[in-house]
Amino acid sequence: MQVIYIKEDRFQYDIHSLYKAFYPAEEVRVIIGEKGLVPDKERDISPSDEISFIDVDTSKNDLKKQIYLELSERTGKELPWGDLTGIRPTRIAMNLLEEGKTAEEIRSYMKDTYLVSDKKIDVSIDIALREKEILKDIDYKNGYSLYLGIPFCPTTCLYCSFTSYPIGAYSKVVDEYISCLKKEIDFVADSFKGKTLDTVYIGGGTPTTLEAEQMRTLIGYLQEKLDFSKVKEFTVESGRPDSITQDKLRAMKEMGVTRISVNPQSMSDETLRLIGRRHTVAQLIEAFDLARQEGFDNINMDIILGLPGETPEDVSHTIEEIKKLSPDDLTVHCLAIKRGSRLFEAMRKKEMKGELKTSFIKPSVDIARMAEIAEKGALEMGLKPYYLYRQKNISGNFENTGYASEGKAGIYNILINEEVQSIVALGAGTVSKRVYGEGGRIERCDNVKDIALYMEQIDEMIDRKRRLFAD
Ligand code: SF4
């Protein structure tokens, strides 16, 4: 374990994140207060733990730089994102572009201030330029985007930290859940009258766990109540192939859905079994082909790097198989071990030891290799990076990157990532976000995660949003 003592409560999160980036497989504890006030044995710290003392009486950037350089020397590692601990590195490039800075000025700033590698600086600038171009027609001030969460899945993936209930046990509540969504849609129709609806995203969970008729009911209601005439993109995540059927695809197509995702995560049956997906590669291919037959010309696929037991060769195999399908959009995630997932709990309780644990925490050199393979594969498929974000506890301190072919980039993904437009979010466990003007402050309100509570407290959920979006 890494134990860091700081005298006052400053930059605790940043210190923790930086240490975790250098020591992904170790527990990291940042303790506030003079060492010695509480004996180490009462804090469960053993003599074998590595202890550091950090003086936080300095600026954040200087402190992070100092920690980075020290840990880099101690471990012999360099991190591609330097000491950047935030989740949106492209935002820095975007802001500087908006201030009129040149690529060269942005490069020097990111290098000097955050020690970011040349490669990551280039990709940040590249993405920021592409995002700017894609978003140029979006009226942030008068527009908004809509998110609907369908919190049901065929089974729960091992790494999942989203709001997700197994559809088998919850199918009886789906109609009531849709009724609650309709109430929320009524609120949006009333409160956002006169505003432009730019993008609609139905996510989850797995929206395609709804039956075709339920989808028609829900989407039909949305279209009846809201003005879809300016909607630039309508996505429905159809992530799990084991939930996709021809009649559901047909229903979505007929109801005007423009973009879907069919997510493999890996093209290895053994890995899919290990992570609890309970579908096969053959099912994935079948679902993808079916979606093409039904006329979908913008299909996203998600893959995850760093899955248990996987090597860079497995990622090569996954990429080669995906190439045969030629998706329009590929999102490359690095495994993040998030609070609330079965994986996190197993690791916290130390149920995963030895080989199993290390098979989840890949050395960063493996993740770097995997990311290179995925990037090369995406470029060979004619896809270019268009958005990028990082997460807490992500494997190797890397990032998630979305690649897309020309004209197929997911606009909603950019909007939510760059936090430039208000998003009204409906359904259990969703978070609405109000953005006050470009680059302005952001306020959020969330709907409870528990589905029974959400349905019971639906009026309170709507009231919260009403307050958030009141003029
Ligand atoms: S499909 Fe997505 S939301 Fe559903 S259990 Fe898996 S990770 Fe969670």
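The values are calculated or read from the model by the stated rules, or taken from the named source; none is laboratory data. Here the structure is a predicted model, which means the values were calculated and not measured. Don't worry about glycine lacking a Cβ; one is built from the backbone with ideal geometry, like all the others, and counts go over all protein chains shown. In case anyone asks, the SASA skips ligands and DNA or RNA and just uses the protein heavy atoms, side chains included. Shrake-Rupley method; radii C 1.70, N 1.55, O 1.52, S 1.80 Å.
Placing R0 at 60 angstrom, the Cβ-Cβ distance between Ser229 and Glu313 gives a FRET efficiency of 0.75 after rounding to 0.05.
Electrostatic tally near Ala425: other residues with Cβ closer than 12 Å to its Cβ, Lys and Arg +1, Asp and Glu -1, net +3.
Would you please put 46-58, 379-391 in order of how densely packed they are, using the mean number of other Cβ atoms within 10 angstrom per residue and starting with the highest?
On the way: 46-58: 12.4, 379-391: 18.6.
Top to bottom by mean Cβ count within 10 Å: 379-391, 46-58.
Between the helical axis of 12-22 and the longest alpha-carbon principal axis of the chain there is an angle of about 80 degrees.
Would you mind telling me the antiparallel percentage of the DSSP bridges in the chain, rounded to 5?
On the way: 16 of 56 bridges.
The answer is about 30 percent antiparallel.
Normalising the average separation of contacting C-alpha pairs (under 8 angstrom, six or more residues apart) by the number of residues puts the relative contact order of the chain at 15 percent. Look at the dipole of the chain built from charges on Cβ: of Ala425, Val116, Tyr19, the Cα furthest out on the positive end belongs to Ala425. Each peptide in 148-156, 167-175 gets a packing score, the mean of other Cβ atoms within 10 Å over its residues, and the list from highest to lowest is 148-156, 167-175.
The alpha carbon centroids of region 425-471 and region 204-280 are separated by 23 Å. Summarising the label geometry, the points placed 7 Å from Cα in the beta-carbon direction at Tyr436 and Lys324 lie 5.4 nm from one another. Taking Cα centre as origin and charging only the Cβ of basic (Lys, Arg, +1) and acidic (Asp, Glu, -1) residues, the dipole magnitude of region 2-75 rounds to 160 debye. A simple spin-label model places the labels of Lys253 and Asp463 4.6 nm from each other, with each point 7 Å out along Cα-to-Cβ. Note: relative contact order over region 2-75, using C-alpha pairs below 8 Å and six or more positions apart, is 46 percent. Using the rule -39500 (n - 2.57) for each DSSP H run of four or more residues, divided by the residues of the chain, the 222 nm mean residue ellipticity is -13000 deg cm²/dmol.
As an exercise, use a Förster radius of 30 Å and the Cβ-Cβ distance of Asp118 and Ser161 to find the FRET efficiency, rounded to the nearest 0.05. All intermediate terms of the calculation are to be shown ahead of the outcome.
Values: r = 33 Å, r/R0 = 1.10.
In this case the efficiency is close to 0.35.
Global size of region 89-134: 9.4, 29 Å for Rg and Dmax (C-alpha atoms, Rg to one decimal, Dmax whole). As a length-normalised measure over Cα pairs under 8 Å and 6 or more apart, the relative contact order of region 142-213 settles at 58 percent. Accessible area per residue for the chain is 44 Å², calculated with a 1.4 Å probe on protein heavy atoms, without ligands, DNA or RNA.
Cysteines in the chain lacking any other cysteine Cβ under 4.7 Å from their own Cβ: Cys153, Cys180, Cys334, Cys445.
In this structure the amide hydrogen of Tyr386, modeled in the peptide plane, comes within under 5 Å of the amide hydrogens of Gly402, Tyr403, Ala404, none closer than 5 places in sequence on its chain.
If the segment from Thr280 to Asp471 were pulled out straight at 0.36 nm per residue, it would be longer than the present Cα-Cα gap by 63.8 nm.
For Ile285, neighbours were defined as the other residues whose beta-carbon sits under 9 Å from its Cβ, and their charges (Lys and Arg +1, Asp and Glu -1) total -2. Within region 74-126, the GluC sites (Glu not before Pro) that combine a DSSP coil assignment with at most 15 other C-beta atoms in a 10 angstrom radius are Glu78, Glu99.
Of the peptides 326-333, 233-240, how do they stack up when ordered by the mean number of other Cβ atoms within 10 Å, highest first? Write out the running numbers ahead of the final one.
Values: 326-333: 23.1, 233-240: 24.9.
Top to bottom by mean Cβ count within 10 Å: 233-240, 326-333.
Let a ≥ b ≥ c be the square roots of the eigenvalues of the Cα gyration tensor of region 128-183; is it rounded (a/c under 1.5), or, if not, prolate (a/b larger than b/c) or oblate? Write out the running numbers ahead of the final one.
Working: a/c = 5.12, a/b = 1.83, b/c = 2.80.
Because a/c hits 1.5 or more and a/b fails to exceed b/c, region 128-183 counts as oblate.
In degrees, nearest 10, range 0 to 90: what is the angle between the Cα axis of helix 458-468 and the longest Cα principal axis of the chain? Orientation of helix 458-468: about 70 degrees from the principal axis.
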